[in-house]
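The values are calculated or read from the model by the stated rules, or taken from the named source; none is laboratory data. This structure is a prediction, so every number in the text was calculated from the model and none was measured. A quick note on method: Cβ atoms are made from the backbone with ideal geometry, for glycine too, and the neighbour counts reach across all protein chains shown.
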Amino acid sequence: MATVHIPDQNRNLTDAAEILEFLRPFGIWYEQWPVAGRLADQATDADILKEYEPEIDKVKASGGYVTADVINVNPNTPNLDAMLQKFNKEHTHSEDEVRFTVEGRGVFHLHPENGPVFSVTVESGDMINVPKGMKHWFNLCDDRHIRCIRFFEDPTGWTPHYIDQGVHEAYSPMCFGPSYVSAAKSAAAAGGDVKPLIKT
Ligand SMILES: [Fe+2]
């Protein structure tokens, strides 16, 4: 389940309906796909593409996406830091960035023209698009692990175009997740402030 965090408003959204309503005006769509029991622990990329074929076909049919592949990033990935450096600075693409998270977590920051900067922490089961031309950047969470299905209209369209004087350094690459949400609820129940920056 994704978590949306809007730093300038000190606000978090963890309810699927609220998240959909918040994201819709920015042209971002969000879905949750079932994950429980669908893949073996040692599932290969081919196993993932086979298991999610019905959903993949639906996405391809709806959006003009022609190819899908699986990216698997973990602490043992060669040149991981260099890879991450490509995407943790504010940038755009000339096609949508469409991702289904199979395992692990990550955090997208979105910087729409007509709204505040906000983050979407994604985890297993979350499907999201970043519309073409929208400024954004991406960070892994502390465990540095994510496995995603990526959808492409044309893989060459996914080259990052960096923004001059991007605002990414002004925002913490913080992931929100279940342990943050439970801590926030406890703090709220105790009448205290909800501190937004609890790493999970
Ligand atoms: Fe991107």
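Some values worked out for this structure:
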{"quantity": "Selection from region 1-15 of residues that are of a type in the set (A, V, I, L, M, F, W, C) and not in a strand (DSSP E or B)", "calculated": "1, 2"}
{"quantity": "Residue match in region 23-45 (condition: assigned to a loop (DSSP other than H, G, I, E, B), within 16 Å of the chain's Cα centre (by Cα) and within 12 Å of the ligand (Cβ to nearest atom))", "calculated": "no"}
{"quantity": "Residue 113, sole failed condition from (1) closer than 23 Å to residue 49 by Cα; (2) more than 12 Å from the ligand (Cβ to nearest atom); (3) part of a loop (DSSP other than H, G, I, E, B)", "calculated": "(1)"}
{"quantity": "Residue 31 vs. criteria in contact (Cβ under 8 Å) with a residue 24 or more places away in the chain and within 18 Å of residue 126 (Cβ to Cβ)", "calculated": "yes"}
{"quantity": "Positions within region 72-89 being away from the ligand (no atom under 16 Å from the Cβ) and outside any helix (DSSP H, G or I), in sequence order", "calculated": "72, 74, 75, 76, 77, 78, 79"}
{"quantity": "Looking only at region 153-178, and only at residues there that are under 16 Å from the mean Cα position of the chain (by Cα) and more than 19 Å from residue 89 (Cα to Cα), the one that is farthest from the ligand (Cβ to nearest atom)", "calculated": "178"}
{"quantity": "Odd one out for residue 69 among (1) touching a Lys or Arg at 6+ places or on another chain (Cβ under 6 Å); (2) at pLDDT 95 or above", "calculated": "(2)"}
{"quantity": "Test: residue in region 126-137 that is more than 14 Å from the ligand (Cβ to nearest atom) and not β-branched (Val, Ile, Thr)", "calculated": "yes"}
{"quantity": "Those residues of region 33-51 which are surrounded by 12 or more Cβ atoms within 10 Å (Cβ to Cβ) and over 18 Å from residue 97 (Cβ atoms), in sequence order", "calculated": "35, 38, 39, 43, 44, 45, 47, 48, 49, 50, 51"}
{"quantity": "Candidates 126, 57, 142, 96, filtered to the one that is over 23 Å from residue 6 (Cβ atoms) and of a type in the set (Asp, Glu)", "calculated": "57"}
{"quantity": "Answer from 95, 103 - the residue that is part of a strand (DSSP E or B), within 30 Å of residue 11 (Cα to Cα) and of a type in the set (Asp, Glu)", "calculated": "103"}
{"quantity": "Test: residue 104 is surrounded by fewer than 21 Cβ atoms within 10 Å (Cβ to Cβ), away from the ligand (no atom under 16 Å from the Cβ), within 12 Å of the chain's Cα centre (by Cα) and not hydrophobic (A, V, I, L, M, F, W, C)", "calculated": "yes"}
{"quantity": "Extreme residue, modelled with the highest pLDDT, among residues of region 159-181 that are in a helix (DSSP H, G or I) and in contact with a Ser or Thr (Cβ under 8 Å, 6 or more places away or on another chain)", "calculated": "178"}
